[in-house]
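Worksheet: one structure, shown below.
The values are calculated or read from the model by the stated rules, or taken from the named source; none is laboratory data. Just so it is clear, the structure is predicted and the values come from calculations on it, not from any experiment. Cβ placement follows ideal geometry from the backbone for every residue including glycine, while neighbour counts extend to all protein chains displayed.
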Amino acid sequence: MREIDPNKCIDFILENAGKYADAQKVTEQLELFRPSLKAILMKKSGEQTIGAQEREAAASEEYINNGIAIAEANALAVKLKWELEAAKLRHANIQTLEVSARNQDRILK
């Protein structure tokens, strides 16, 4: 098993926590903007009925791009979340192995 420096795990968490928060922020901003974008697009539509306005808004490139941006921001947030979780698990594993090694040393003495 390769040696992993526990401090590197902690450093990774500290270095990437802000990136995770930013990815979450972007996702939330895009999701909160989506209804406003739809309303703006519906208003721009030349259609008279609400159903036709909704159809035009949902089919617009802007609305589609907003959905794509939400998916990309969410994917980045999920990726960062699990990278952070993996770093936490590595650190916990190192602690467990160190405790086990100390206990084994005590038993053998």
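Restricting attention to segment 27-58 and to residues that are polar (S, T, N, Q) and farther than 16 Å from Ala71 by Cα, the residue that is nearest to the chain's Cα centre (by Cα) turns out to be Ser36. Each residue in segment 66-82 was checked for being within 18 Å of Leu14 (Cβ to Cβ) and either modelled with pLDDT of 95 or more or surrounded by fewer than 17 Cβ atoms within 10 Å (Cβ to Cβ) (or both), and 3 of them qualify. Exactly one residue out of Glu85, Glu61 is free of Cβ contacts under 8 Å to residues at least 12 places away in the same chain, farther than 22 Å from Lys19 by Cβ and exposed (fewer than 14 other Cβ atoms within 10 Å of the Cβ): that is Glu61. Please enumerate the residues belonging to segment 65-109 that are touching a helix residue (DSSP H, G or I) at 6+ places or on another chain (Cβ under 8 Å) and among the aliphatic types (A, V, I, L, M). Within segment 65-109, Ala69, Ile70, Ala73, Leu76, Ala77, Leu80, Leu84, Ala87, Ile94 meet the criteria. Look at Gly46 and say whether it is within 30 Å of Glu98 (Cα to Cα), exposed (fewer than 12 other Cβ atoms within 10 Å of the Cβ), free of Cβ contacts under 8 Å to residues at least 60 places away in the same chain and not charged (D, E, K, R). For Gly46, the condition - within 30 Å of Glu98 (Cα to Cα), exposed (fewer than 12 other Cβ atoms within 10 Å of the Cβ), free of Cβ contacts under 8 Å to residues at least 60 places away in the same chain and not charged (D, E, K, R) - is not met. Restricting attention to segment 1-26 and to residues that are β-branched (Val, Ile, Thr) and under 21 Å from Ala87 (Cβ atoms), the residue that is surrounded by the most Cβ atoms within 10 Å (Cβ to Cβ) turns out to be Ile13. Inspect segment 97-108 for any residue being assigned to a helix (DSSP H, G or I) and surrounded by 14 or more Cβ atoms within 10 Å (Cβ to Cβ) and give the result as yes or no. No. Under the condition of being free of Cβ contacts under 8 Å to residues at least 24 places away in the same chain and hydrophobic (A, V, I, L, M, F, W, C), the residues counted in segment 1-43 number 8.
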